[in-house]
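Student: Below is the structure I would like to discuss, written out as structure tokens.
The values are calculated or read from the model by the stated rules, or taken from the named source; none is laboratory data. Computed from a predicted structure; not experimentally measured. Counting neighbours? That spans all protein chains shown, and the Cβs are built from the backbone with ideal geometry, glycine included. Ligands, DNA and RNA are excluded from the accessible area calculation, which covers all protein heavy atoms including side chains. Shrake-Rupley method; radii C 1.70, N 1.55, O 1.52, S 1.80 Å.
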Amino acid sequence: MTAPEKKANSAPEYWDEKADFFASDERRRRIRRLADLYETSCWRYIEPVLPSKETGIVLEAGCGTGRWVYHLAPLGYRLDLLDFSGEMIRHAEAKVTRQGLDESVRGYHVQDLCDMSALPDNGYDLVLSLGMPLSLCDDPEQAAAEIFRITKPGGWVICDAMNRYRTALDMARKNNMTQLFNALNQGKVVAESGLTHHCFSPDELELLFLGQGFASCQLAAITPFFDVPPLKDQVALLDDDTLFNQVANLFQAVSEDPGVIGVSSRLLIVTQKPEAL
Ligand SMILES: C[S@@+](CC[C@H](N)C(=O)[O-])C[C@H]1O[C@@H](n2cnc3c(N)ncnc32)[C@H](O)[C@@H]1O
């Protein structure tokens with residue numbers, strides 16, 4: 001097996017090229033109801049920490065073509081959208097307009113998660129960085145520092161990231177010993193895309209945020225037994241309504257079990273910036 005050609009994560013060109021696909025119905029068709037399962041699982045953690053609609057501002061960071069804006073704007077929330085891919089932002093803006101949600105979006109920012117200098121200190125009541133931008137950026141520690149800076153005291157942050165142990169397990173299943181060692185020893189693998197994926201143990205993810213000054217963290221397993229990226233056959237199983245509901249209920253029941261978190265492909269973290277520093 002030849003190793004994938006390594007690309008610099010800091011180059012947004014990779015994501016610019018993916019933007020048409022992300023915006024297409026084809027993507028939604030390919031991941032089918034896994035997207036619903038993912039969103040339902042995340043929503044359980046987002047809903048309890050939503051700010052006041054009147055005064056609150058939400059940031060979707062690493063937004064791609066937008067995901068949560070289409071849930072939150074219709075409910076009356078105001079948001080900013082940020083991604084380092086100009087093409088992703090262009091698609092997000094076009095879709096927001098098509099859906100008649102322009103009034104809910106305060107600003108679009110083409111910026112790196114590791115340098116959100118266009119955004120003010122203490123500006124956001126809720127920062128959502130989902131779809132694993134933290135695993136995809138160059139420097140997760142710098143990204144966590146930036147997320148801390150822009151979050152209001154008392155504001156909430158929800159991010160997801162790849163799990164180091166599950167990544168190692170997936171590499172073992174593929175007989176890819178080099179990547180298995182990379183995951184376990186360095187917490188980094190080079191994906192088939194050529195991008196480096198940062199992966200974390202649950203404790204490391206928690207420490208990443210605690211180290212910046214965030215308060216205690218809640219960890220959860222999101223779509224824990226599905227691969228990233230998902231396998232076609234796994235995704236097809238969810239077409240069956242009964243099975244979909246059973247899986248959704250079961251995943252919900254086990255999402256905070258430490259054993260399940262330990263092997264979950266996606267780790268979700270919910271944390272809060274202390275009120276008084
Ligand atoms: C898998 S997509 C997820 C998009 C969206 N959040 C979602 O849930 O559908 C990852 C996104 O992260 C963005 N991204 C990756 N690294 C980034 C960085 N360093 N700064 C800002 N955005 C980044 C990519 O451009 C891409 O749009």
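Student: Suppose we filter the stretch 222-235 for residues that are over 19 Å from H197 (Cβ atoms) and either touching a His at 6+ places or on another chain (Cβ under 6 Å) or exposed (fewer than 13 other Cβ atoms within 10 Å of the Cβ) (or both); how many remain?
Tutor: 2
Student: Give the residue that is farthest from the ligand (Cβ to nearest atom), with candidates limited to residues of the stretch 135-144 that are open to solvent by less than 40 Å² (accessible area, probe 1.4 Å) and touching a helix residue (DSSP H, G or I) at 6+ places or on another chain (Cβ under 7 Å). Walk me through how you get there before you give the answer.
Tutor: Our first condition is that a residue be open to solvent by less than 40 Å² (accessible area, probe 1.4 Å); within the stretch 135-144, this holds for 135-137, 140, 143-144.
Then drop every residue that is not touching a helix residue (DSSP H, G or I) at 6+ places or on another chain (Cβ under 7 Å), which leaves 137, 140, 143-144.
Working: C137: 3, P140: 10, A143: 7, A144: 12 Å.
Ranking the qualifying residues of the stretch 135-144, first place goes to A144.
Student: Follow-up question, since we're still on this one. Looking at the stretch 22-29, can you tell me whether even one residue there is in contact (Cβ under 8 Å) with a residue 24 or more places away in the chain and farther than 30 Å from A253 by Cβ? Before the answer, list the steps.
Tutor: First, the residues of the stretch 22-29 that are in contact (Cβ under 8 Å) with a residue 24 or more places away in the chain: 22-23.
Filter once more, so that each one left must be farther than 30 Å from A253 by Cβ: 22-23.
So far as the stretch 22-29 goes, yes, one or more of its residues are in contact (Cβ under 8 Å) with a residue 24 or more places away in the chain and farther than 30 Å from A253 by Cβ.
Student: Could I ask something else about it? Can you name every residue in the stretch 61-80 that is within 12 Å of the ligand (Cβ to nearest atom) and touching a Leu at 6+ places or on another chain (Cβ under 8 Å)?
Tutor: Let us first name the residues in the stretch 61-80 that are within 12 Å of the ligand (Cβ to nearest atom), namely 61-71.
Result: A61, G62, C63, G66, R67, W68, V69, Y70.
Student: Which of the following residues is in contact (Cβ under 8 Å) with a residue 24 or more places away in the chain and either away from the ligand (no atom under 16 Å from the Cβ) or under 14 Å from L267 (Cβ atoms) (or both): R149, R164? If you could, list the steps in order and put the result at the bottom.
Tutor: Working: R149 fails: either away from the ligand (no atom under 16 Å from the Cβ) or under 14 Å from L267 (Cβ atoms) (or both).
Only one candidate qualifies: R164.
Student: Also, I was wondering about something else. Taking I269 as meeting all but one of (1) at pLDDT 95 or above; (2) open to solvent by 50 Å² or more (accessible area, probe 1.4 Å); (3) among the aliphatic types (A, V, I, L, M), write down the number of the exception.
Tutor: Every condition holds for I269 apart from (2).
Student: Among the residues of the stretch 6-40, write down those that are more than 10 Å from the ligand (Cβ to nearest atom), surrounded by 13 or more Cβ atoms within 10 Å (Cβ to Cβ) and acidic (D, E).
Tutor: Once the filter is applied, which keeps residues that are more than 10 Å from the ligand (Cβ to nearest atom), surrounded by 13 or more Cβ atoms within 10 Å (Cβ to Cβ) and acidic (D, E), the stretch 6-40 yields D20, D36.
Student: Quick test for you: out of T178, T196, pick the one residue that is of a type in the set (S, T, Y), touching a residue at least 40 places away in the same chain (Cβ under 8 Å) and either over 14 Å from M132 (Cβ atoms) or open to solvent by 30 Å² or more (accessible area, probe 1.4 Å) (or both).
Tutor: So the residue among T178, T196 that is of a type in the set (S, T, Y), touching a residue at least 40 places away in the same chain (Cβ under 8 Å) and either over 14 Å from M132 (Cβ atoms) or open to solvent by 30 Å² or more (accessible area, probe 1.4 Å) (or both) is T178.
Student: A follow-up question, please. Based on this model, can you work out whether R90 counts as more than 30 Å from D239 (Cα to Cα), within 15 Å of the ligand (Cβ to nearest atom), in contact (Cβ under 8 Å) with a residue 24 or more places away in the chain and basic (K, R)?
Tutor: Values: more than 30 Å from D239 (Cα to Cα): yes; within 15 Å of the ligand (Cβ to nearest atom): yes; in contact (Cβ under 8 Å) with a residue 24 or more places away in the chain: yes; basic (K, R): yes.
Against the criterion (more than 30 Å from D239 (Cα to Cα), within 15 Å of the ligand (Cβ to nearest atom), in contact (Cβ under 8 Å) with a residue 24 or more places away in the chain and basic (K, R)), R90 qualifies.
Student: Only one of P224, P229 is under 19 Å from the mean Cα position of the chain (by Cα) and touching a residue at least 40 places away in the same chain (Cβ under 8 Å). Can you tell me which?
Tutor: Values: P229 fails: touching a residue at least 40 places away in the same chain (Cβ under 8 Å).
Going through P224, P229 in turn, the sole match is P224.
Student: Looking only at the stretch 110-134, which residues are in contact with a Ser or Thr (Cβ under 9 Å, 6 or more places away or on another chain), of a type in the set (S, T, N, Q) and more than 9 Å from the ligand (Cβ to nearest atom)?
Tutor: N122
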